[in-house]
Amino acid sequence: MEKKGKNTSQNTQKKNLAKMQTMKLNDCKAVILKLVDELLDATSMMSNSPSIKEQWSIHLVIVNLLSKINQFEAEFELKPLSQRNDQSIEKLTKWATKNGAILNGVEIHQFENYAYGMKANKNIAVGDKLVTVPRALMMTEENIPSSPLWKLHSQDMMLRNMPNVALAIFILVESLRKDKKSFWHSYLTTLPVTYSTPVYFDVADLEALKGSPAFEAALKLNRNIARQYAYFKKLFQLSNDPASVILKDTFTYEYYRWAVSTLMSRQNTVPSSDNPSENVSALIPLWDMFNHRSGRLSTDFVKSSNVCVCYADGDYAADEQVYIFYGVRTNADFLVHNGFVYPDNEHDAVKIRLGVSRSDPLYALRYRLLQTLSLPALAEFYLTPGPFPVDGKLLAFVRIFNMDQKTLDDWIQMEEKHCLNLTLLDGTLDPALETKCWEFLQVRINLLIKQYPAPSEKADNLSTFQQLAHTQIQLELDILKNALVYVKQHLDVVLKS
């Protein structure tokens with residue numbers, strides 16, 4: 001009898017603890033939803049043309065709210081969605097090859113300073129077919145109709161109109177299915193546990209990017225992801241469709257930024273099954289294990305066999321790491337969307353934003369001449385590394401921006417083909433106008449340089465993300481200083497003529 005009484009007492013204690021835990025979690029949910037409402041307000045308070053100062057101020061509010069939300073969501077003790085290790089990588093390879101993928105001369109390998117990548121297990125020649133992945137293995141929005149997400153997807157406007165957002169939610173639905181019967185389970189569990197995209201930067205990390213064009217892009221990304229998280233947090237609580245049932249008690253900001261970073265850093269595009277002339281975003285198992293280096297695109301989608309094929313972009317000896325080229329992107333793009341900076345990026349550039357004000361008395365004339373060259377009145381141009389950092393379009397815009405009324409009238413009367421001379425470095429233009437143009441560029445580039453913070457005296461104590469920001473800023477400053485030398489050289493030539 002004593003034993004039975006003891007067991008009854010223990011069972012009662014367990015039930016009481018479970019009840020208390022449930023009450024505690026319900027209280028947490030209520031607080032989280034209140035904070036989510038505040039987060040929605042904070043991410044929607046932006047003016048039409050916000051300054052960097054305003055965006056930073058709002059970011060600090062968002063960070064404060066997310067910090068509180070993360071503390072409460074931590075009470076749910078949710079585990080990382082990935083268990084990336086050699087064992088899970090082996091399971092990935094077996095699953096992929098069992099379902100039609102082919103590895104030829106390469107294997108997944110953990111490299112020092114690179115985490116995982118692709119290693120040559122034999123000598124490889126340029127053009128060799130390395131990896132073949134059938135469409136059936138890929139995760140795309142076209143898989144959503146056969147998933148628990150389909151009902152909600154068909155009802156929710158954001159999911160329907162923003163395919164990448166839908167794909168990020170789809171990743172979470174498949175990762176968090178309680179039955180663990182996702183076809184992509186072996187793939188999802190090998191994804192990185194965390195990322196180095198700006199949504200993982202703390203305040204000091206992001207502040208280290210001030211001055212860089214990547215800073216504003218990172219602020220916008222953080223703001224958008226926070227707003228999307230808040231929207232879906234409320235949606236899942238108010239809905240009872242299959243996807244919401246899965247995510248109601250498991251959807252967190254930590255999980256959402258992980259899913260978004262997974263998609264941003266690993267996606268490619270493939271032709272749509274329904275309309276081959278259009279592309280859809282896709283996660284491609286095995287292919288996404290290749291790391292980046294400069295080169296040429298070496299991946300193709302073969303429509304006849306419905307497979308993605310990756311070819312060798314060069315010769316490799318056995319045991320060397322095999323790379324692919326991710327595409328033409330600036331380091332700012334790589335940092336914001338992929339979470340890395342590539343110092344030898346021959347396609348790097350620094351954005352310079354220029355515009356003609358509508359209050360300019362000569363706006364109509366400038367706009368008309370800009371249209372002749374298919375240039376907008378408000379545009380973003382790029383200063384590039386190398387011997388010719390200023391391209392023809394930027395030069396033409398600056399020239400038109402600095403013309404007086406007579407010069408504008410004269411050029412507007414000319415034939416369109418003659419106006420192309422405005423894009424030429426040696427356009428045999430009026431020296432006075434050329435002087436104004438090169439001086440204008442000199443001032444603008446100097447202003448861009450002054451926006452960057454002074455070099456840190458604590459360079460040895462920087463966090464990993466701050467080191468990333470530091471590298472990005474140094475690369476941009478190198479481009480700007482090179483462009484400044486180039487502009488000064490041309491200004492000196494004009495002044496001497």
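The values are calculated or read from the model by the stated rules, or taken from the named source; none is laboratory data. Remember, it's a predicted structure, so these values are computed and weren't measured experimentally. Backbone-built Cβ (ideal geometry, glycine too); neighbour counts: all protein chains shown. With ligands, DNA and RNA removed, areas are computed over all heavy atoms of the protein, side chains included. Shrake-Rupley method; radii C 1.70, N 1.55, O 1.52, S 1.80 Å.
Considering only alpha-carbon pairs that sit under 8 angstrom and 6 or more positions apart, the relative contact order computed for the chain is 17 percent. Between the amide H of residue 147 and any residue lying 5 or more places away or on another chain, no distance stays under 5 Å, with hydrogens modeled in the peptide plane. The alpha-carbon atoms of the stretch 95-192, seen along their principal axes, cover 52, 26, 25 angstrom, with the largest extent given first.
Keeping all protein chains in place, calculate the accessible area per residue for the stretch 352-497 (probe 1.4 angstrom), answer in Å². Write out the running numbers ahead of the final one.
On the way: 8440 Å² over 146 residues.
I get 58 Å² per residue for the stretch 352-497.
Distances between placed amide hydrogens fall under 5 Å for residue 106 paired with 121, all partners being 5 or more residues away or on another chain. Once the Cα atoms are used to define both axes, helix 163-176 deviates from the longest principal axis of the chain by about 20 degrees. Whole-Hz Karplus values for the stretch 181-192 come out as 9, 4, 4, 9, 3, 5, 7, 4, 7, 9, 5, x Hz, taken residue by residue from phi with 6.51 cos²θ - 1.76 cosθ + 1.60 and θ = phi - 60°; glycine and proline positions read x. The value given for the stretch 270-386 is a Kirkwood hydrodynamic radius of 18.1 Å, derived from the mean inverse Cα-Cα separation.
Charges at C-beta only: +1 for Lys and Arg, -1 for Asp and Glu. How large is the resulting dipole of the stretch 50-130 about its Cα centre, in Debye rounded to 20? Walk me through the intermediate numbers first.
On the way: 10 positive and 9 negative charges, 64 e Å.
I would put it at about 300 debye.
Any idea what angle helix 253-266 forms with the longest principal axis of the chain, computed on alpha-carbon atoms, 0 to 90 degrees, nearest 10? For helix 253-266, the angle is close to 50 degrees. Working from Cα pairs under 8 Å separated by at least six residues, relative contact order for the stretch 347-497 is 28 percent. Taking every protein chain into account, the 1.4 Å probe leaves residue 47 with about 50 Å² of accessible area, to the nearest ten.
R0 = 30 Å: FRET efficiency of residue 359 with residue 449, Cβ-based, nearest 0.05? Let's see the in-between values first.
Working: r = 28 Å, r/R0 = 0.92.
My answer for the efficiency is 0.60.
Computed from point charges on the beta carbon alone (+1 for Lys and Arg, -1 for Asp and Glu), the dipole magnitude for the stretch 237-284 about its Cα centre is near 180 Debye.
In this rough spin-label picture, where each label sits 7 Å from Cα along the Cβ direction, the residue 439-residue 87 distance is 7.2 nm.
Greater than 29 Å separation of Cα atoms is the criterion. Which listed pairs, 34/151; 180/234; 79/234; 406/481; 98/129, meet it? Long pairs (Cα-Cα over 29 Å): 406/481. Put 344, 460, 202 in order of accessible area, highest first, and with a 1.4 Å probe you get 460, 344, 202.
When the residues 363, 229 are ordered by accessible surface, computed with a 1.4 Å probe over the protein chains alone, the sequence from largest down reads 363, 229.
Relative to the longest principal axis of the Cα atoms of the chain, the long axis of helix 2-42 lies at roughly 20 degrees. Applying a DSSP loop filter and a limit of 13 other Cβ atoms within 10 Å to the trypsin sites (Lys or Arg not before Pro) in the stretch 155-227 leaves 178, 180, 181. Compactness of the chain, taken as the C-alpha radius of gyration over 2.2 N^0.38 Å, stands at 1.18. By the helix-only formula, in which each DSSP H run with n ≥ 4 contributes -39500 (n - 2.57) and the sum is divided by residues, the chain has a 222 nm mean residue ellipticity of -16000 deg cm²/dmol.
Dipole check for the stretch 355-496: with +1 at the C-beta of Lys and Arg, -1 at the C-beta of Asp and Glu, and the Cα centre as origin, the magnitude is about 200 Debye.
Between the stretch 294-372 and the stretch 82-101, the C-alpha centres lie 31 angstrom from each other.
If you sort 378, 362 by accessible surface, 1.4 Å probe, largest first, the order is 378, 362.
Shape class for the stretch 276-334, computed from the alpha carbon gyration tensor (a ≥ b ≥ c): oblate, with a/c not under 1.5 and a/b at or below b/c.
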